[in-house]
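Quick notes on the structure that follows.
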Amino acid sequence: MKFIIPFGSLVPSRNSLKSLMASSVTQTLTLPQTQTFHSDPPQDDLDDLLCSDPQQEQQERQQLLLSSPDTSPSCFGSPSRCLTGESHFERAWAHWAKLGRPKLIVAPMVDNSELPFRMLCRKYGAEAAYTPMLHSRIFTENEKYRNQEFTTCKEDRPLFVQFCANDPDILLEAARKVEPFCDYVDINLGCPQRIARRGNYGAFLMDNLPLVKCLVQKLAHNLHVPVSCKIRVFPDLQVTINYARMLEDAGCSLLAVHGRTRDEKDGKKFRADWKAIKAVKNALRIPVLANGNIRHMDDVQSCLEETGADGVLSAETLLENPALFAGYQTAEWVVGSEGSNREGQLDQTDLVVEYLKFCESYPVPWRMIRSHVHKMLGDWFRMHPHVREDLNSQSILSFEFLYNMVERLRELGTKIPLYLKDTHEDRIAADGLGSSSV
């Protein structure tokens, strides 16, 4: 049975949202009343519209609290404020085991790890997923933002809901709104972008460790679900280890480590440091996830072996190939790889069609759909740039246009298959890293 969490219809335009996210937490917003546009909104806002009738979806969303049998917190049973030492570690591992110890995880991606994309990745082997980063202050103050930026469904578990924050009380208020619908509330301590610098969150809180500790403690002492954190490493390994231990002592029950520093923003230019992740894993007593350098399933296997991590996160590669965790890889990674590969009877146009069908079931803003279509069909558009230009010229998208565009690409005779290793199914079954059936 489908249900969507009961949050909203329209949000501010993308430019205004960036302005909101960059502003100081101490500012007070004057929020507009929720409204339905009866005429065409301004041009800049068209891609912020949901890809379906907002009123119809709002009625469906209202059924969530009545229809969901799983709206009680999934872990811990009571706030963990009294848990210290062995009790904290034991409960952290018990919760991880209850979730099935997921190894293949969709990383948090702003505007790109929304519900339809998470569901597509889950279909192709992902065992858990993060939401996009949510701004805690805007989430608490702006109903429109909540309504559109956080949706989930019964099958969307295990689920990490990620917030950026720099005020413990505001973070807790935001976290309490989502804790019945997730398995972890995650604190973003790793975003290295300029907007995070201006807003004083993400990786720029590495300069204020007492505040980071307060954020973690505030959630760990007051939520029923456990708190997780996602970090980047310091240039100095020992500082990184001390940082991770501080988070663990503050109440963090699961830590995801991106093996790049705050200044290493370009994933293609800088390789993630798996040795640093291994050192963190060896230093902690809670589950640790590895992030960085995951391009195909061989990388998953190598990362788990080299770091000892309890799971891996993938972001950029999943955007191009959401079937990564089912063993599929693009031609880029087949060239020069060990072993033989065969065409997997699946390509990115197939994945786009499946994604669009998920969007019809779980509506999201058109800006997210547009972004995913560009990323999944990048190679196709490079061969047929006139089709990409037609897409870019559409100020108002529709499912009919997008399905027809996919058919145009196919009729042009383009063939860019995804590949599987001949031995992939046997290895996956033996290692238990994912499902070979899709």
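Readers should treat all values here as calculations from the given coordinates under stated rules, not as data from a laboratory. Given the structure is predicted, the values throughout are model-derived calculations rather than measurements. FYI the Cβ positions are ideal-geometry reconstructions off the backbone, even for glycines, and counts take in every protein chain you see.
How long is the gain from L237 to F270 if the chain were fully straight, where each residue apart is worth 0.36 nm and the alpha carbon distance is subtracted?
Gain on stretching L237 to F270: 10.2 nm.
In nm, give the distance between the simple-model label positions of D169 and D207, each being 7 Å from the Cα along the Cα-to-Cβ direction.
Computed distance between label sites D169 and D207 equals 2.5 nm.
Once phi is turned into ³J(HN,Hα) by the Karplus curve 6.51 cos²θ - 1.76 cosθ + 1.60 with θ = phi - 60°, what whole-Hz value does each residue of segment 177-194 show in order, with x for glycine and proline?
Those phi angles translate into 6, 10, 4, x, 10, 9, 10, 8, 9, 10, 9, 7, 10, x, 5, x, 6, 4 Hz.
Suppose a student asked you for the relative contact order of segment 68-324, using Cα pairs under 8 Å spaced at least 6 residues apart; what percent would you report?
20 percent
By count of other Cβ within 10 Å, fewest leading, how are V227, V212 ordered?
V212, V227
Using alpha-carbon positions, what is the distance between the centroids of segment 158-205 and segment 114-134, in Å?
Each part reduced to its Cα centre gives a spacing of 18 Å.
Calculate the dipole size of segment 68-324 relative to its Cα centre from +1 charges on Lys and Arg beta carbons and -1 charges on Asp and Glu beta carbons; express the result in debye to the nearest 20.
So the magnitude is around 200 debye.
When S87, S302 are ordered from fewest to most other Cβ atoms inside 10 Å of their Cβ, what list results?
Ranked by crowding around the Cβ, least crowded first: S87, S302.
What is the distance, in nm, between label points placed 7 Å from the Cα along the Cα-to-Cβ direction at L412 and at Q394?
Going from the L412 label point to the Q394 one covers 1.4 nm.
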